[in-house]
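Written out below as structure tokens is the structure these notes cover.
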Amino acid sequence: MRKLTFVLAVMALFAAVSCSEKNPYVEVTGYSQGVEFSVKFNTKALKVTPEKAVHLIDSILTCVDTTLSGFNPGSLLSRYNRGEKVVPNWIFNDIYNRSKEIYELSDHTVDVTAAPLFDLWGFGFDVDSSKAPTEEEIAATRAVSGLDNFSGDLTQAAPGQKLNFNAIAQGYTSDLVASFLYGIGATDMLVSIGEIYLDGKNPAGENWKIAIDSPIEGNDTPGAHIQGYWISDGKAHGVVTSGNYRRFYVHDGKKFSHTIDPRNGRPVQHNLLSATVIADDSCMADAMSTACMVLGLDAAKEFLVEKGLEGFLIYDDNGVFRTWNTPGFNVTY
């Protein structure tokens, strides 16, 4: 799943609420956070009606949007980034606290306070640029970004400081919806809101099968070009793919990707094209796949082994796609 930014509130929500003893699954689909989403779950043991579940999923997505959307000018995050005084809700506090944990686990490669750097390079909420900044601009922006410089005040941003949760927000949202589904009795589910959380079996009674997109430039349609498939083991997992092949620009003949290394304030330059990571939840898989994309091929291999994560990397070897995976990553072609 690619890294996409938050846009307006849920644009549409549809549900196939018809179910039967033979096929008790419901699928909720719609448009949220810049992507088409799908939530499939088994209704057999639900404590509420499928219609009620659909309504509450809609409420969760709307709540996340009005809290974390950088493109919704009225969201809590947008108001905070403008320097306004805000009252952080539990989602805002929770994702920030989770981001501090992720900052350490990712070896400082995933930093939600690096928002000014994304703005600087033209990949932020308010900036649409295709011009590389100067060395002076990079140095000045690094001086006010980064968790080591962050005030930690979630009621009002210090001058020059902003937050950007895009590296973890979609995974975090999938986990929120999954947690809700567990709470109403669902055990078999696939929650795909930009990033995936899954558990149990699919409607055919088999383990879930997840396609991994081929990192072809211009491949903006998930599933259009497939590199391989990951087969689940029937247990709960977050499954996330990050890549540099969908969002970038070219300036003076040089390609600049949207993946920024917060440690040096620059877009990454390496041959790793995409990283798929399996973790206990979608938020962590989201973060760790981004970490791999910051690190590059060789360092990402070491990182996955060191952290005890399963992963699948696709890289460019002189114009040819090559793959590498950890031994426990169940991939089929």
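The values are calculated or read from the model by the stated rules, or taken from the named source; none is laboratory data. In this text, all values refer to a predicted model and were calculated from it rather than measured experimentally. So basically every Cβ, Gly included, is an ideal-geometry build from the backbone, and we count neighbours across all protein chains shown.
Observations, loosely collected:
- If the condition is being over 18 Å from the mean Cα position of the chain (by Cα) and of a type in the set (Gly, Ala, Ser), then segment 306-333 contributes Gly308, Gly319, Gly328.
- Residue match in segment 220-229 (condition: modelled with pLDDT of 90 or more and of a type in the set (A, V, I, L, M)): yes
- Scanning segment 59-86 for residues that are of a type in the set (D, E, K, R) and either at pLDDT 95 or above or under 19 Å from Asp111 (Cα atoms) (or both) returns Arg79, Arg82, Glu84, Lys85.
- Meets criteria (at pLDDT 70 or above, charged (D, E, K, R) and farther than 30 Å from Ala167 by Cα) for Lys47: yes
- Check on Lys235, touching a helix residue (DSSP H, G or I) at 6+ places or on another chain (Cβ under 9 Å) and part of a loop (DSSP other than H, G, I, E, B): no
- Residue in segment 87-136 that is nearest to the chain's Cα centre (by Cα), counting only those that are assigned to a loop (DSSP other than H, G, I, E, B), buried (at least 20 other Cβ atoms within 10 Å of the Cβ) and at pLDDT 95 or above: Val110
- Taken as a whole, segment 286-305 holds no residue that is modelled with pLDDT of 90 or more, under 18 Å from the mean Cα position of the chain (by Cα), closer than 30 Å to Lys100 by Cα and assigned to a strand (DSSP E or B).
- If you go through segment 137-157 and keep only what is under 24 Å from Val87 (Cβ atoms), of a type in the set (A, V, I, L, M) and modelled with pLDDT of 95 or more, you end up with Leu154, Ala157.
- Looking only at segment 8-25, and only at residues there that are within 24 Å of the chain's Cα centre (by Cα) and at pLDDT 50 or above, the one that is surrounded by the fewest Cβ atoms within 10 Å (Cβ to Cβ): Phe14
- Pairs, first farther than 20 Å from Phe303 by Cβ in segment 313-333, second among the small types (Gly, Ala, Ser) and surrounded by 11 or more Cβ atoms within 10 Å (Cβ to Cβ), C-beta under 6 Å, six or more apart: Tyr333/Gly228
- Residue satisfying all of: in segment 45-95; in contact (Cβ under 8 Å) with a residue 60 or more places away in the chain and touching a strand residue (DSSP E or B) at 6+ places or on another chain (Cβ under 6 Å); farthest from Leu154 (Cα to Cα) among these: Ile57
- Strands (runs of 3 or more DSSP E) lying entirely in segment 150-220 (those with 1 or more residues that are surrounded by 19 or more Cβ atoms within 10 Å (Cβ to Cβ), within 22 Å of the chain's Cα centre (by Cα) and without any contact (Cβ under 8 Å) to a residue 40 or more places away in the chain): 195-199, 209-213
- Residues of segment 28-86 satisfying the condition of being under 21 Å from Ser174 (Cβ atoms), small (Gly, Ala, Ser) and surrounded by 16 or more Cβ atoms within 10 Å (Cβ to Cβ): Gly30, Ser32, Gly34, Ala53, Ser69, Gly70, Ser75
- Residue within segment 267-277 that is at pLDDT below 95, closer than 15 Å to His108 by Cβ and over 16 Å from the mean Cα position of the chain (by Cα) present: yes
- Scanning segment 81-113 for residues that are out of contact with any Phe, Trp or Tyr (no Cβ under 9 Å at 6 or more places or on another chain), aromatic (Phe, Trp, Tyr) and farther than 19 Å from Met293 by Cα yields one hit, Trp90.
- Residues in segment 315-329 that are outside any strand (DSSP E or B), loosely packed, with under 15 Cβ neighbours inside 10 Å and at pLDDT 95 or above: Pro327, Gly328.
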